[in-house]
Amino acid sequence: MCKVFAVASGKGGTGKTTVTAGLSSALALMGKRVCAIDADIGLSNLDLALGLQDKVVFDLFDLVCGRAEREDVLIRHPDTDGLYFIAAPSEREQIDPEALRAEIEKLSEDFDYIFIDCCAGLGSGFEMSAHAASCALVVSTPDTPCLKDSARAADCFFREGITDVRLVLNRVRPKMIKKGNAANVDESMDRIGLPLVGLIFDDERVITAFNRCEPLMLKQKKGAAADIRDIARRLEHIPVRPRI
Ligand SMILES: Nc1ncnc2c1ncn2[C@@H]1O[C@H](COP(=O)(O)OP(=O)(O)OP(=O)(O)O)[C@@H](O)[C@H]1O
Ligand SMILES: [Mg+2]
């Protein structure tokens, strides 16, 4: 059965798009059929993270409004078998949450995983994505303001009736934790009140890959790419060797 994950956060810039692109690629490389949907309307960049920016013709709004066929909206990744992408509208279009949910339900028949890259914050864009999802990943850094807002994002998912909500702790910097200048993993989990599905260390290679519009998971094996692969394995219930 297809799992539809909303990937969200309270604050912006926590790594939602990085996690969506990374997990979608990792699971496709494991043989799964995956659809990555950019729901960050007007501020999208999942296309860049997947290296698909030159392939976008139609977008999510076209699909939901019936202006384009599904075959025309779904972009097949040329370098990763099983990975498909749906772009966000570049203009601030209003998408009807019920219509989006119905479209994603239809897509679910053809995929093992659907990841929805949400916009930052907890407004109507967030609610639209949450309404279409069956599970959620809250991406937070271990910074106090971010943890606080991530806890609110988690509450919003619970209110939407989503019970499988897990934490991805991103941009973890062991030196700061050791010095007591950032929350450690246990403190982060306690403050958000969610189970941890995995942590991703702060890694310059993520920034380089994004800047070059190169999919991280195709370019890198170590560092954050390995952390993301571990999270993909956990989603598939495959045992993972602890890193720290
Ligand atoms: N683990 C990491 N190590 C280093 N840099 C990272 C890591 N994760 C994300 N980044 C960088 O942080 C920035 C924001 O990441 P990203 O765009 O994935 O966040 P976002 O939550 O989707 O942002 P927005 O709220 O604007 O949509 C990017 O420059 C990205 O390269
Ligand atoms: Mg983003």
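If you go through the stretch 108-134 one residue at a time, how many are more than 25 Å from R92 (Cβ to Cβ) and either surrounded by fewer than 18 Cβ atoms within 10 Å (Cβ to Cβ) or polar (S, T, N, Q) (or both)?
Of the stretch 108-134, the ones more than 25 Å from R92 (Cβ to Cβ) are 108-113, 134.
Next, from what is left, pick out any that are either surrounded by fewer than 18 Cβ atoms within 10 Å (Cβ to Cβ) or polar (S, T, N, Q) (or both): 108-110, 134.
The total comes to 4.
Give, as residue ranges, the helices (runs of 4 or more DSSP H) completely inside the stretch 1-109 that count at least 2 residues that are charged (D, E, K, R) and more than 14 Å from ligand 2 (Cβ to nearest atom). Spell out the reasoning first.
Numbers: elements: 16-29, 46-49, 60-65, 70-73, 97-108.
In the stretch 1-109, the matching helices (runs of 4 or more DSSP H) lie at 70-73, 97-108.
Where in the stretch 115-184 are there helices (runs of 4 or more DSSP H), lying wholly inside it, with at least 1 residues that are within 15 Å of the chain's Cα centre (by Cα)?
On the way: elements: 124-132, 144-159, 174-178.
Because the criterion is at least 1 residues that are within 15 Å of the chain's Cα centre (by Cα), the helices (runs of 4 or more DSSP H) in the stretch 115-184 that meet it are 124-132, 144-159.
May I ask you to list pairs of residues, at least six apart or on different chains, whose Cβ atoms are under 9 Å apart, with the first in the stretch 169-186 being within 17 Å of G15 (Cα to Cα) and the second being open to solvent by 60 Å² or more (accessible area, probe 1.4 Å) and modelled with pLDDT of 95 or more?
Going by the 9 Å Cβ cut-off, the qualifying pairs are N170/D202; R171/D202; V172/D202; R173/D202.
Can you tell me which residues in the stretch 1-47 are at pLDDT 95 or above, within 7 Å of ligand 1 (Cβ to nearest atom), surrounded by fewer than 24 Cβ atoms within 10 Å (Cβ to Cβ) and of a type in the set (D, E, K, R)?
Result: no residue meets the conditions.
The values are calculated or read from the model by the stated rules, or taken from the named source; none is laboratory data. Keep in mind that what you see is a predicted model, and the values were worked out from it rather than measured. As a convention, Cβ positions derive from the backbone with ideal geometry for all residues, glycine included, and neighbour counts pool all protein chains shown. Side chains included, ligands, DNA and RNA excluded: accessible areas come from the protein's heavy atoms. Shrake-Rupley method; radii C 1.70, N 1.55, O 1.52, S 1.80 Å.
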